[in-house]
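Following: one structure in structure tokens, then a few remarks.
The values are calculated or read from the model by the stated rules, or taken from the named source; none is laboratory data. For clarity, every value in this text was computed on a predicted model and none was experimentally measured. Quick reminder, even Gly has a Cβ in these numbers, built from the backbone with ideal geometry, and neighbours come from all protein chains shown.
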Amino acid sequence: MMDKATLLAEVITHVKQMQKTADQVSDGFFIPLDSDEVRVEQLEKIPGEEASFRASICCDYRPGLLSDLRKTLVALNVSMVRSELSTLEGRLMIVFFFSANRRKDLSSTKDDEELKRSVHQALSSTVEKFTVSLDYSPRIIWPNKKRKISHLESSSSSS
């Protein structure tokens, strides 16, 4: 039988481990609201397989952005495996999983790093293009949204 101090120490260790696991799992769900972000990382490489990558983009939604991102990825000649899209308050987070479109036996670490750099640069340019256009365009992101009106404002303005 365990004494109270040993049991408490085990519980604390278990809670800390659960918190660490929860932090790791929720890391991919965070959508920054104040800055644009482009990340590209290589996933664990399996010997004899193509290199796999994960790219994530977080920015304001703008009409035409998804189409331009698709064109960018097609031009990079990568094989899309999966994509995920999330939105929050006019912000967009897109995660792409892709692999190099080349023969497995020709893949090298140098090639993988070059592809990672090229994808990051191309996606950053596409997002930046839309960020610059945001500075010079009206702030109409969701034209179909209803405007919120306070009943207090309307009753006080009519008196």
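Against the condition modelled with pLDDT of 90 or more and either out of contact with any His (no Cβ under 6 Å at 6 or more places or on another chain) or among the aromatic types (Phe, Trp, Tyr) (or both), how does Thr131 come out, does it pass? It would help to see each step written out before you state the result.
Numbers: modelled with pLDDT of 90 or more: no; either out of contact with any His (no Cβ under 6 Å at 6 or more places or on another chain) or among the aromatic types (Phe, Trp, Tyr) (or both): yes.
No; evaluated as a whole, the condition is false for this residue.
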Scan the stretch 30-48 and tell me whether some residue there is among the acidic types (Asp, Glu), at pLDDT below 80 and farther than 24 Å from Glu128 by Cα.
no
Considering residues that are at pLDDT 85 or above and part of a helix (DSSP H, G or I), the number found within the stretch 1-29 is 16
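Please enumerate the residues belonging to the stretch 70-83 that are of a type outside the set (Ser, Thr, Tyr), over 16 Å from the mean Cα position of the chain (by Cα) and either surrounded by fewer than 17 Cβ atoms within 10 Å (Cβ to Cβ) or assigned to a loop (DSSP other than H, G, I, E, B) (or both). Can you show your working first?
First, pick out the residues of the stretch 70-83 that are of a type outside the set (Ser, Thr, Tyr): 70-71, 73-78, 80-82.
Retained after the next criterion (residues that are over 16 Å from the mean Cα position of the chain (by Cα)): 71, 74-78.
Across the stretch 70-83, the qualifying residues are Lys71, Val74, Ala75, Leu76, Asn77.
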Hey, does the stretch 98-105 have a residue that's farther than 11 Å from Ile57 by Cβ, in a helix (DSSP H, G or I) and either modelled with pLDDT under 90 or not acidic (Asp, Glu) (or both)?
yes
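Could you pull out the residue among Ser67, Ser52, Ser86 that is of a type in the set (Gly, Ala, Ser), surrounded by fewer than 10 Cβ atoms within 10 Å (Cβ to Cβ) and modelled with pLDDT of 85 or more?
Numbers: Ser52 fails: surrounded by fewer than 10 Cβ atoms within 10 Å (Cβ to Cβ); Ser86 fails: surrounded by fewer than 10 Cβ atoms within 10 Å (Cβ to Cβ).
Only one candidate passes the filter, namely Ser67.
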